[in-house]
1. Within region 49-84, how many residues turn out to be modelled with pLDDT under 80 and loosely packed, with under 10 Cβ neighbours inside 10 Å?
2. Can S13 be described as under 23 Å from the mean Cα position of the chain (by Cα), modelled with pLDDT under 85 and part of a helix (DSSP H, G or I)?
Amino acid sequence: MSSEKQNLKAGESHGQCQEKAEEWMQSTKDTANAAMDKTADATQSAKNAAPENKEQAAGFLQQTGEQVKGMAQGAVDTVKCTLGVGDKK
């Protein structure tokens, strides 16, 4: 009878372990699915924001280019004036 009780307890223990393992597996699957959903949402947000960011970057580069051009023209005018080569009015 002792052997039967041990087998019964072993079977119960095995069943409990199996149930716990199945719970953990389901929890892991749920977590993985949630992570995939968040990744998909982040990817979609990045795709939606890309054209807007591209336009902002283009505007920034154009503005910076105009500033550099203005500074270069100012430097040229200063050198011409210093050397006496500039247009005299």
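1. Going through region 49-84 one residue at a time, the tally reaches 2.
2. Spelling it out, it is not the case that S13 is under 23 Å from the mean Cα position of the chain (by Cα), modelled with pLDDT under 85 and part of a helix (DSSP H, G or I).
The values are calculated or read from the model by the stated rules, or taken from the named source; none is laboratory data. Remember, it's a predicted structure, so these values are computed and weren't measured experimentally. Note: ideal-geometry Cβ built from the backbone for every residue, glycine included; neighbour counts use all protein chains shown.
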